[in-house]
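Taking it in order: structure first as structure tokens, then the write-up.
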Amino acid sequence: MKHIIGAKPPIAPAGLPAARLVEVDEDSAGQRLDNFLIRHLKGVPKTHVYRIIRSGEVRINKGRVSADTRVEAGDVVRLPPVRISDKVAEKAERPAPAREFPILLEDEHLIAIDKPAGVAVHGGSGVSFGVIEQLRQARPASKFLELVHRLDRETSGILLVAKKRSALTHLQDQFRERETGKTYLALVTGTWPANKKVIDLPLHKYLQADGERRVRVTTADDPDGMRSITLVKVRSTAAARPEQGLPAMSLLEVTIKTGRTHQIRVHLASQGHAIVGDDKYGDFDLNKRLQKQGMKRMFLHAWRLQFNHPASGERVQLNAELPPELADFVPRA
């Protein structure tokens, strides 16, 4: 993005900065307008971003546009003056702490990191910052860093970050078209039946009374249900340990063919085998006992990812081994 020298913005109301005219650069070409604005109007709530688009205050090449309009290189975007609260402004001016993460692969097109558990992938929903904000602070010279996909905050493992717009769109297309291979390791309660290899149950996303997002298995005739497919392979099992108050457990390799919110967690729990340490869909009493024995997180890890490289087309397979806090807890058969 670059500012246009000599442009004459309209006069802004008292107390507001003037409107800005910015030119879309090559790295931003192809991005949705709403995402473009969210990046450049720091601290402005998403609801306000959509409001100024609908009102016609945001224009591309002097014309009215919609939120899903794709910006192109050379487009001139009018960013209207916006007012944000002092609290939000202070937060926007306080950058995320710079942080690098363990790298599994990096080239000029992408970075594959091994995300630790407990770190959100991006700020929002009560989280000030996440992996992407910290990575941008650690690499100020990088013009373009964008998340290709997401992992739950509690989940560790492989996370892709694009370093070019072309790589982002190419990789996201693969995720959308189910051309990637995503396999997780999950430790669940009980002995998983070896013949139970496919879970094909629709999922319904909803909000609880307190605004927290949840997901449940639903029926095929639910208009809001999304078809969701999970493949399960048993890696190992361990017998119950009554003296420690622990049930039998199974370590599973779980491959998802669809990428729904909380898909693995809800699908496994729906079969009576919740993920160990899951604070939303798991066995809460068991989780308390496990915490006393050192298991203080959910046992879900993005272990293997396969995709076609966005530049060469070569098939890439990445593996992220279990972090120590999980590997040390795996029961021996």
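The values are calculated or read from the model by the stated rules, or taken from the named source; none is laboratory data. No experiment lies behind these values; they were computed from the predicted model shown. Reconstructed Cβ throughout: ideal geometry from the backbone, glycine too, with neighbour counts over all protein chains shown. Only protein heavy atoms, including side chains, enter the accessible area calculation; ligands, DNA and RNA are left aside. Shrake-Rupley method; radii C 1.70, N 1.55, O 1.52, S 1.80 Å.
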Inset, instruction - Take the residues in the stretch 199-215 that are outside any loop (DSSP other than H, G, I, E, B) and either of a type in the set (Asp, Glu) or loosely packed, with under 13 Cβ neighbours inside 10 Å (or both), then tell me which one is modelled with the highest pLDDT. - result: ASP200
Legend entry - Count - residues of the stretch 169-181 that are open to solvent by less than 10 Å² (accessible area, probe 1.4 Å) and among the hydrophobic types (A, V, I, L, M, F, W, C): 1
Inset, instruction - Determine whether the stretch 182-198 contains at least one residue that is under 27 Å from ASN287 (Cα atoms), open to solvent by 60 Å² or more (accessible area, probe 1.4 Å), at pLDDT below 95 and under 17 Å from the mean Cα position of the chain (by Cα). - result: no
Inset, instruction - Exactly one condition in (1) in contact with a Gly (Cβ under 7 Å, 6 or more places away or on another chain); (2) assigned to a loop (DSSP other than H, G, I, E, B); (3) open to solvent by less than 60 Å² (accessible area, probe 1.4 Å) is not met by ARG153; state its number. - result: (3)
Inset, instruction - Report those strands (runs of 3 or more DSSP E) wholly inside the stretch 31-150 carrying at least 2 residues which are within 30 Å of LEU322 (Cα to Cα) and either touching a strand residue (DSSP E or B) at 6+ places or on another chain (Cβ under 8 Å) or modelled with pLDDT of 90 or more (or both). - result: 103-106, 110-115
